[in-house]
Structure formats: structure tokens, C-alpha cells
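Accompanying notes for the structure given below.
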Amino acid sequence: MGTVTGIGANWVARAKAKARRAPAPLEAQDQAALIEHLERRAHPGVWWCAVPNGGSRNVIEAARLKGQGVVAGAPDLVVCIDGRMIGLEMKRAKGGRLSEAQLLQKERIERAGGLWFVAHGLDEALSILSSLNAFKCASPNGCNNG
């Protein structure tokens, strides 16, 4: 096979460089890692739960869940710190946009007196929760003395 030259060479070089870059972790991977941090490092009075709104559902299941209070656009995690309700929406470190339903829920949570954040990746989520004093220690490796 011959050597690629000209415009084709640039395209090939860009494609190879893109293939070498590690992909950004998926939102679910970052969320699972964040839960591990909460389990190891959160103050005893911090409460959290995931809101598993994603995934595909048939029409009957969707109607049943809606009747039980499932709301489109609810944040991925609900955290309570010092009596303050926090909605945390996880997105990939690169990319990830908020839907109209998520923006609506952000407004509703804030109007009700809660806080709402979007975290692009694990590091941003850790930074947000650290700024809200969720963790009993600064070390991401866990706390030695519980």
C-alpha cells in the first residue's frame, strides 16, 4: 500500500490521534465512583440516593412509574447535607447537555429552596460536594479515622 499524501494524510493523522485518546468515562461510571467516595468519606449525617430515571421503558411501565411520582428530568442524585436538599445532575466530563426537562426540574428545586448542580465528570462532582462540606476528610482515598 502506498503513502497517503495531501488532504488525505491530514485526515488519517487526525483519525489516528483521536483513536489514541482515551474516551471520557461514561456518566454512569463517574456516578458509581462518586457513590464510592460518599460511602467512604461522607459525614455520618449526609444522606444520598440515586434517581434511576434513565433507561427504556414500555408505555405501561412508564405510565405506572409516572403515577408513582417519577418525574422526567429529576437529578441523578439527591443529597441532603446539613438539612439542605441538593440535586446533582451528572454529565460526562466532555460533552453532555441538559435536557429541557432537567432545566425545568432545576428551576423547581431552586424555587422550593433546594440547591441544584450539574457536574461534568467525577472531579467536578467531588469539588461540588467538597464545597458543601459533604466529606469528613479531604483525601479522595478515604478517611483513616471514622
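What are the residues in the range 131-146 that are surrounded by 14 or more Cβ atoms within 10 Å (Cβ to Cβ), in a loop (DSSP other than H, G, I, E, B) and at pLDDT 95 or above, if any?
132, 134
Applying the selection to the range 47-66, what residues are surrounded by fewer than 10 Cβ atoms within 10 Å (Cβ to Cβ) and either more than 14 Å from the chain's Cα centre (by Cα) or not in a loop (DSSP other than H, G, I, E, B) (or both)?
55, 56, 58, 59, 60 - these are the residues of the range 47-66 that are surrounded by fewer than 10 Cβ atoms within 10 Å (Cβ to Cβ) and either more than 14 Å from the chain's Cα centre (by Cα) or not in a loop (DSSP other than H, G, I, E, B) (or both).
Rundown of residues vs (1) in contact (Cβ under 8 Å) with a residue 24 or more places away in the chain; (2) out of contact with any strand residue (DSSP E or B) (no Cβ under 6 Å at 6 or more places or on another chain); (3) not aromatic (Phe, Trp, Tyr), yes/no style:
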position: 101; (1), (2), (3): yes, yes, yes
position: 107; (1), (2), (3): no, yes, yes
position: 114; (1), (2), (3): yes, no, yes
position: 121; (1), (2), (3): yes, yes, yes
position: 124; (1), (2), (3): yes, yes, yes
position: 130; (1), (2), (3): no, yes, yes
position: 138; (1), (2), (3): no, yes, yes
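Show the residue pairs meeting these rules: Cβ distance below 8 Å; 6+ apart or different chains; first residue within the range 53-71 and under 24 Å from residue 27 (Cβ atoms); second residue surrounded by fewer than 11 Cβ atoms within 10 Å (Cβ to Cβ).
none
Among the listed residues 33, 28, 17, 24, identify the single one that is closer than 22 Å to residue 140 by Cβ, part of a helix (DSSP H, G or I) and modelled with pLDDT under 95.
Just one listed residue meets the conditions, 28.
Within the range 84-130, how many residues are loosely packed, with under 15 Cβ neighbours inside 10 Å, on the phi > 0 side of the Ramachandran plot and at pLDDT 95 or above?
Counting residues in the range 84-130 that are loosely packed, with under 15 Cβ neighbours inside 10 Å, on the phi > 0 side of the Ramachandran plot and at pLDDT 95 or above gives 1.
Every residue in the range 100-130 that is outside any helix (DSSP H, G or I), over 14 Å from residue 90 (Cβ atoms) and among the aliphatic types (A, V, I, L, M), please.
The answer is 112, 115.
The values are calculated or read from the model by the stated rules, or taken from the named source; none is laboratory data. The shown structure was predicted, so the numbers you read here are calculated from the model rather than taken from an experiment. As a convention, Cβ positions derive from the backbone with ideal geometry for all residues, glycine included, and neighbour counts pool all protein chains shown.
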